[in-house]
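The values are calculated or read from the model by the stated rules, or taken from the named source; none is laboratory data. On a predicted model such as this, the values are computed, not experimentally measured, just so you know. Just so you know, the surface numbers come from the protein's heavy atoms only, side chains and all, with ligands and any DNA or RNA stripped out. Shrake-Rupley method; radii C 1.70, N 1.55, O 1.52, S 1.80 Å.
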Amino acid sequence: MFSFFQPNRNGHLRRVMTLLEEAQLARIEHQAAAEHHGALARMYGERAKRLERELYGSSQLPLADPKDEKAVLYALDANRRLESQAKA
């Protein structure tokens, strides 16, 4: 008669398993989103490089190190880019 007030261990385990599955699915979704955003960042970095070469001419600007994304992302003109590279 008083079993209603007893903690249901199986119910608790089922709830924990459901929460674990939700957490794993959320992790997978966020990893996929991170990969997508990383690919977009690389694509826009390459686009910025192409546009800078077109705007300033390929002979004026040396290509930045691909690992140095900030030099490309924040460059507004040739002088600024060359100054940021000289400081590094």
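Rolling a 1.4 Å probe across all protein chains gives Arg15 an accessible area of roughly 130 Å². For the stretch 42-50, putting each phi into the Karplus relation 6.51 cos²θ - 1.76 cosθ + 1.60 with θ = phi - 60° gives couplings of 5, 4, 5, x, 5, 5, 4, 4, 4 Hz, in residue order, rounded to whole numbers and with x for Gly and Pro.
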